[in-house]
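Worksheet: the structure to be examined is printed underneath.
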């Protein structure tokens, strides 16, 4: 005679990381529990960490801590906190992860000749958010080249308005895969 035993598991927690500026889920991730409660298990499924427990297992006496890390070193290098400890206090947890401070470099050229456009006041202005909209100055660092200081670009700058002498030249987007976004534009203002 054979006896067949079955075990039922239930979802206890789902944890994900989201880019604070773009709103996109961050993947790939890796995870581990500091102390694994009896009957619990975890796995990474897509861009989520799924924690499950066997039915009938008692709840842990202390709040479990999950460490979630960005598994791709190229993505981790451009995030302020690529590894986060999470207290598992809710069933569904999404953590916003801010990018590292990044620079925006704009090379301005004169229409027609392509010569460097110098002596301009260049500003990046948030395209959304509160009024007055936040701005970031881009001082001229060399002939026709304007660069911001390292800045933690947030969601209100996605996209951003590039102003030259107070006039809109165009909308731009920060490249969050690198620490510097570099663009070359013709000044038509």
Can you confirm whether residue 50 is in contact with a strand residue (DSSP E or B) (Cβ under 9 Å, 6 or more places away or on another chain), within 17 Å of residue 9 (Cβ to Cβ) and in the same structural domain as residue 17 (by TED's automatic domain parsing)?
yes
Answer yes if at least one residue in the stretch 92-115 is touching a helix residue (DSSP H, G or I) at 6+ places or on another chain (Cβ under 9 Å) and without any contact (Cβ under 8 Å) to a residue 24 or more places away in the chain, and no otherwise.
no
Run residue 161 past the list (1) surrounded by 13 or more Cβ atoms within 10 Å (Cβ to Cβ); (2) over 26 Å from the mean Cα position of the chain (by Cα); (3) assigned to a strand (DSSP E or B) and report the number of the one that doesn't hold.
(2)
Out of all the residues in the stretch 11-31, which are exposed (fewer than 13 other Cβ atoms within 10 Å of the Cβ) and touching a strand residue (DSSP E or B) at 6+ places or on another chain (Cβ under 6 Å)?
11
Name the residues in the stretch 125-158 that are surrounded by 13 or more Cβ atoms within 10 Å (Cβ to Cβ), in a strand (DSSP E or B) and more than 24 Å from the chain's Cα centre (by Cα), would you?
140, 145, 146
Wholly inside the stretch 20-124, strands (runs of 3 or more DSSP E) that include 3 or more residues that are modelled with pLDDT of 95 or more and within 30 Å of residue 164 (Cβ to Cβ) are 103-110
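The values are calculated or read from the model by the stated rules, or taken from the named source; none is laboratory data. Since this is a predicted model, take the numbers as computed values, not measurements. With ideal geometry, Cβ positions are generated from the backbone for all residues, glycine too; neighbour counts draw on all protein chains shown.
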